Structure formats: C-alpha cells, structure tokens
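Enquirer: Dropping the structure in here first, questions after.
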Amino acid sequence: MTQKWRLTAHALRRITERFGVEKSSAANWTNQHMADAEYVCNTLAEDGTYGRMFAKSGIVFIADLIDSAVLTVLKAEIPAPAVSAVAAAVGREVKRKELAVLKAEVEALAKRAPLEQEAATLRLAIAKARTAARRNALTARMNAVELQIREINAGITKEKRELTLLAQGYAAIV
C-alpha cells in the first residue's frame with residue numbers, strides 16, 4: 001500500500017499556483033506523484049527547516065523528516081553552483097568519451113585491416129574460381145568477412161553516436 005501524504009497549507013498553495021492543480025484534487029495529485037517519486041536526500045531550507053527531498057518528472061517535493069506531510073512543492077531547477085559542477089563533470093566525460101572513440105578507432109583499424117586484405121584476396125579467388133562449389137564456398141567466407149567488417153564499423157558508429165549525444169547534453173548546459 002502506498003503512503004498517504006498530508007499537505008501543509010503552504011504546499012497546497014504552491015501546488016495550485018505552480019502546477020495549476022485544483023485544491024480539491026491536490027491531495028490525490030500529490031499521492032499519485034509521491035507514489036513513484038524517488039527519494040533524493042535530506043535537505044536544509046534557507047529558514048533552517050530540515051526536510052526529505054523527493055523528485056519525479058521535474059517536480060520536487062519537500063516532506064517533513066518525521067511526519068508524512070509535504071511541506072512544499074516546486075519545479076526542478078538547476079541552481080547556478082550545480083550547473084557549473086555538472087557542466088565540469090559532463091565536460092570531463094565528453095573528453096573521456098572522445099579519447100575512448102579515438103582508441104576504439106585505432107583498435108578497429110587494426111582489426112579491420114587484415115579482414116579487408118582477406119576480403120580482397122577472396123574477391124580475387126572468386127574471380128579465378130572454376131567450379132560453382134568453390135565459388136560458393138569462397139562467397140560464403142567473403143560474406144562472413146564482410147559481416148565482421150560491418151560489425152566493427154557499427155561499433156565505431158555507436159561509440160561516435162554516444163559521444164555526439166553526450167556532447168549535445170554538454171552544449172545544453174554550458
């Protein structure tokens with residue numbers, strides 16, 4: 001069974017003004033969101049009040065430490081000190097990922113070179129083959145080699161795509 005949360009007058013006022021929820025359905029709205037909310041940490045407000053912070057889908061709930069009362073509700077924002085800390089951490093991750101991509105490209109090149117050489121040799125052998133059985137056997141091996149080359153290329157593409165997404169996230173917070 002999910003916990004029932006009680007709303008303080010302040011929390012009720014904040015829910016109606018910040019989220020447009022009617023007073024009559026605010027308690028139900030809070031209980032639905034708090035059922036799936038994730039506990040973040042204990043917090044200290046500017047006025048010295050301690051509380052438990054929960055978050056779900058960009059909504060932050062501050063609840064009493066002992067009682068199951070929601071003290072306030074707000075939209076999630078990243079404060080300035082957190083932005084610079086997050087940006088620095090993500091920037092380091094972007095650099096790490098960039099190095100990982102370069103390393104993966106070097107490793108892929110080392111793996112791909114002998115495979116491409118084998119593919120060229122197989123193409124030549126297929127062209128020289130006299131029997132259909134020999135040609136079919138060489139073609140099957142050629143297909144297997146080309147599949148390995150495609151898998152190596154797909155791995156590099158995946159790494160580069162992950163780097164791109166990480167860099168886009170970094171660009172959004174800088």
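Enquirer: How many of the residues in region 52-76 are touching a residue at least 40 places away in the same chain (Cβ under 8 Å) and hydroxyl-bearing (Ser, Thr, Tyr)?
Expert: 2
Enquirer: Next question. Failed condition for Thr49, given (1) within 25 Å of Pro79 (Cβ to Cβ); (2) of a type in the set (S, T, N, Q); (3) touching a residue at least 24 places away in the same chain (Cβ under 8 Å); (4) surrounded by fewer than 14 Cβ atoms within 10 Å (Cβ to Cβ), with all others met?
Expert: (3)
Enquirer: If you don't mind, another one. Given the criteria exposed (fewer than 12 other Cβ atoms within 10 Å of the Cβ), touching a helix residue (DSSP H, G or I) at 6+ places or on another chain (Cβ under 8 Å) and outside the structural domain of Glu159 (by TED's automatic domain parsing), does Ser24 qualify?
Expert: no
Enquirer: Being acidic (Asp, Glu), assigned to a helix (DSSP H, G or I), in contact (Cβ under 8 Å) with a residue 60 or more places away in the chain and surrounded by 11 or more Cβ atoms within 10 Å (Cβ to Cβ) is the requirement here; does Glu118 meet it?
Expert: In short, no.
Enquirer: Considering only residues that are more than 28 Å from the chain's Cα centre (by Cα) and either part of a helix (DSSP H, G or I) or of a type in the set (S, T, N, Q) (or both), look in region 25-68 and name the one that is modelled with the lowest pLDDT.
Expert: Residue satisfying both the conditions and the ranking: Thr49.
Enquirer: When only residues in region 154-167 that are under 12 Å from the mean Cα position of the chain (by Cα) and surrounded by fewer than 14 Cβ atoms within 10 Å (Cβ to Cβ) count, which is modelled with the lowest pLDDT?
Expert: Going through the qualifying residues, I end up with Leu165.
Enquirer: Pick out the one residue from Val145, Val101, Val86 that is in contact (Cβ under 8 Å) with a residue 24 or more places away in the chain, closer than 30 Å to Arg14 by Cα and out of contact with any Pro (no Cβ under 9 Å at 6 or more places or on another chain).
Expert: Exactly one residue qualifies, and that residue is Val86.
Enquirer: Please find, among Glu105, Glu77, Glu98, the residue that is of a type in the set (D, E, K, R) and assigned to a loop (DSSP other than H, G, I, E, B). First the steps, then the outcome.
Expert: Details: Glu105 fails: assigned to a loop (DSSP other than H, G, I, E, B); Glu98 fails: assigned to a loop (DSSP other than H, G, I, E, B).
It is Glu77.
The values are calculated or read from the model by the stated rules, or taken from the named source; none is laboratory data. Computed from a predicted model, the values in this text were never measured in an experiment. Using ideal geometry, Cβ is built from the backbone for each residue, glycine included, and neighbour counts are taken over all protein chains shown.
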